[in-house]
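The structure under discussion appears below in the form of C-alpha cells.
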Amino acid sequence: MSKTVTSNPVLLYDGQCGFCNRGVQQVLRHDRRKNMMFAALQGGYGKSILTRHPELNGIDSLVFVEPLDFAYLEQVFVRSDAALRVASYLGWPWKLALAAYLIPRPVRDFLYDQFAKRRYRWFGKYEKCMPPPPEVRERFLD
C-alpha cells in the first residue's frame, strides 16, 4: 500500500531491527482499534516523514506520527515519548507504562538511547526490512 498521507496514527520503526520487528508484531496483536499503520524508517513513507520533519534528521528512534484535525498536519513523537504514545494508544493494561512520565524526559531518553545502541547486538539485524505478514499487509505503508 502506498500512501503519503493517512488519517490514522503511524508507527515508524527500524525495519532492520529484530527487536523493532517483534515490537510491531506485539502492537499488531494488541491493537484493538486495528487502525494503527506501520512503516519502516527505511521505506518511502518513513523517508517522507523525515523530509517533512527536518528536526528528525539523524534520529535513531521509534517515531509515532499522530495526525492532527487539520488537513495534512501531523505531530511526531520520538524516543521514550513515542513508546509512551503507543502504550497510551493500546489502552489497558499498556497504559500502566504511562507512569514513566513521572521520570524526566532526559532520563527516559537517555535510557531509551542506551537500549537502542545495543538492540542489534541483543536482538539481531536483518539485511533488509522484513515483509509484513499477508493478513496485515494493508496496515503497512511503503
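All of the numbers you see were taken from the coordinates with simple rules; none came from a lab. Remember, it's a predicted structure, so these values are computed and weren't measured experimentally. Glycine gets a Cβ as well: all are built from the backbone with ideal geometry, and neighbour counts include every protein chain shown.
Which of the peptides 95-101, 56-62, 83-89 is most tightly packed, and how do the rest follow, judged by the mean count of other Cβ atoms within 10 Å per residue? Spell out each step's value before the answer.
Numbers: 95-101: 12.4, 56-62: 15.1, 83-89: 19.6.
Descending mean neighbour count gives 83-89, 56-62, 95-101.
Here the sum of -39500 (n - 2.57) over DSSP H runs of 4 or more residues, divided by the residues of the chain, equals -12000 deg cm²/dmol at 222 nm, to the nearest 500. Computed from the alpha carbon atoms alone, the convex hull of the chain holds 118 Å³ per residue.
If each residue's Cβ is checked for other Cβ atoms within 10 Å, how do Phe115, Phe19 rank with the fewest at the top?
Ascending Cβ contact count within 10 Å gives the list Phe115, Phe19.
For segment 90-119, backbone nitrogen atoms closer than 13 Å to the point 7 Å from Arg22 Cα along Cα-to-C-beta are found at 119. Note on segment 1-137: antiparallel DSSP beta bridges, both residues inside, total approximately 70 percent of the bridges counted. For the pair Ser88 and Asp60, a Förster radius of 35 Å applied to the C-beta separation gives a FRET efficiency near 0.95, rounded to the nearest 0.05. Only lysine pairs 8 or more places apart, or on different chains, with alpha-carbon atoms under 19 angstrom apart are counted in the chain, and they number 6.
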